[in-house]
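What follows draws every value from the coordinates through simple rules; no lab data is involved. Please read these numbers as outputs of a predicted model, since none were measured by experiment. In this analysis, Cβ positions are derived from the backbone assuming ideal geometry, glycine residues included, and neighbour counts consider all displayed protein chains.
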Amino acid sequence: MNEMIRQAQVMQRKISKMQDELKTREIEASSGGGMVTVRATAGQEILSVAIEPSVMESGDVEMLQDLIMTAVNEAIKKGKDLMEEEMKSVTGGINIPGLF
């Protein structure tokens, strides 16, 4: 029983360390064939948004809004996917509710 508790504590420390590391890991996503590029962390913090000048020339505000929203959502999805994949490697594929 003590061995199981020790193993759970070791796993908990590994998970905590992994979560901290992933919060700073950068991800990039783009939309519109690279017209809008978003850099974010796996911790879902947006670091930057880059917009190609040609998008601004068109004057189509709705299209620009859609491109930004799509790129941000893709960056968030990539971050979540990365977090889940890394956590599976720590937990041995066991899905622990509330981890991420």
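In plain terms, the chain from K17 to S48 could stretch by 8.6 nm, reckoned as 0.36 nm per residue minus the Cα-Cα distance. Annotation: extensible slack from S89 through E26 equals 20.8 nm (criterion: 0.36 nm per residue apart, minus Cα-Cα distance). Each Lys and Arg contributes +1 and each Asp and Glu -1, all at the Cβ; summed about the Cα centre of the chain, the dipole is approximately 780 debye. Taking the C-alpha atoms only, the angle from helix 61-91 to the longest principal axis of the chain is near 20 degrees. Find the percent of Cα-Cα distances in the stretch 2-91 that exceed 23 Å, and round it to a whole number. Of the Cα pairs, 40 percent sit more than 23 Å apart. For the chain, relative contact order (Cα pairs under 8 Å, six or more residues apart, normalised by length) works out to 27 percent.
Ordering Q65, V90, S54 by Cα displacement along the dipole of the chain toward the positive end leaves V90 in first place; charges were set at the Cβ atoms of Lys, Arg (+1) and Asp, Glu (-1). Compared with the dominant Cα axis of the chain, that is its longest principal axis, helix 2-22 is turned about 20°.
Extending 7 Å from the Cα toward the beta-carbon at both R6 and M56 defines two label points whose distance is 6.2 nm.
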